[in-house]
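To start, the structure itself, in structure tokens.
Coordinate-derived values only; no laboratory data. Note that the structure is predicted; figures quoted are calculated from it, not measured. Note that we place each Cβ from the backbone using ideal geometry, even for glycine, and neighbour counts take in every protein chain shown.
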Amino acid sequence: MSVHVKICGITNVEDAELAVENGASAIGLNFVPTSPRLIDVEMARRIVERVGARTLTVVVVADRGAEDLRALLRATGARCLQLCGEESPELVAELLPHAYKSVRIGTAADVTGASLYPGEHLLVDAKVEGKLGGTGKTLDWALVEPLARARNLTLAGGLRPSNVADAIRCVRPFCVDVASGVERDGDARRKDPEKLGAFLRAVESAG
């Protein structure tokens with residue numbers, strides 16, 4: 001596939017294996033306390049050990065210090081940090097190249113703010129008041145298309161099998177990120193094999 005896929009909110013070894021078998025480039029392991037997809041260090045370590053080097057393992061965090069984050073990477077064995085809180089550009093720079101910023105986008109001003117963060121990679125998600133992400137809401141793709149020309153952009157926010165091909169054609173991102181769009185109905189902690197397979201096929205069809 002010409003566009004990478006990150007399956008976020010993995011909570012168990014079985015779903016991690018499912019994501020890898022379907023061709024995911026990365027999986028996200030959530031350590032944000034308010035998330036329904038929250039896992040602990042022991043589960044994260046088990047998932048990382050299972051997938052090995054077959055896919056990139058990303059720890060999703062918010063508003064933690066640099067030393068704490070480095071310790072979390074060591075404890076889990078994960079390879080990268082996705083920073084979803086109010087982290088400063090300076091903190092992101094301190095953690096490069098093993099980190100990237102997730103920015104919530106609602107307006108053109110948010111896009112300008114996103115461009116201030118350093119690093120090769122950047123993730124954009126829908127801006128929902130009081131939420132750090134993972135809401136299943138879609139953002140205005142046209143707003144972030146210029147970012148995709150300047151950075152390795154990961155597009156998140158309300159993607160699912162029925163709309164991800166259109167999103168890719170509009171934005172041309174480096175990677176697409178999905179959590180709720182491939183979950184079992186009513187269960188934020190388990191992935192649906194049929195939805196996950198359909199999502200990967202839709203990405204491939206967008207080429």
(request) Report the label-to-label distance for Ser162 and Arg201 in nanometres (one decimal), using points 7 Å from each Cα along the Cα→Cβ vector. (result) 1.6
(request) Would you list which aspartates and glutamates come within 12 Å of Lys101, measuring only between C-alpha atoms, while excluding same-chain residues fewer than 8 positions from it? (result) Asp63, Glu86, Glu87, Glu90, Glu120, Asp125
(request) Could you work out the local net charge near His98, counting Lys and Arg as +1, Asp and Glu as -1, over the other residues with Cβ closer than 10 Å to its Cβ? (result) +2
(message) Order 15-28, 161-174, 45-58 from most to least packed using the mean count of other Cβ atoms within 10 Å.
(response) 15-28, 161-174, 45-58
(message) For the stretch 1-121, take N as its residue count and report Rg(C-alpha) divided by 2.2 N^0.38 Å.
(response) 1.05
(request) Please list, or write none, the aspartates and glutamates whose alpha carbon is within less than 12 Å of the alpha carbon of Lys6, excluding same-chain residues fewer than 8 places away. (result) Asp177
(request) Provide the descending list of Cα extents for the chain along its principal axes, expressed in whole angstroms. (result) 40, 40, 30
(request) Apply 1/(1 + (r/R0)^6) to the Cβ-Cβ distance of Asp185 and Ala109, taking R0 = 41 Å, and write down the FRET efficiency to the nearest 0.05. (result) 0.70
(message) Can you tell me what share of the DSSP beta bridges in the chain is antiparallel? A percent to the nearest 5 is fine.
(response) 5
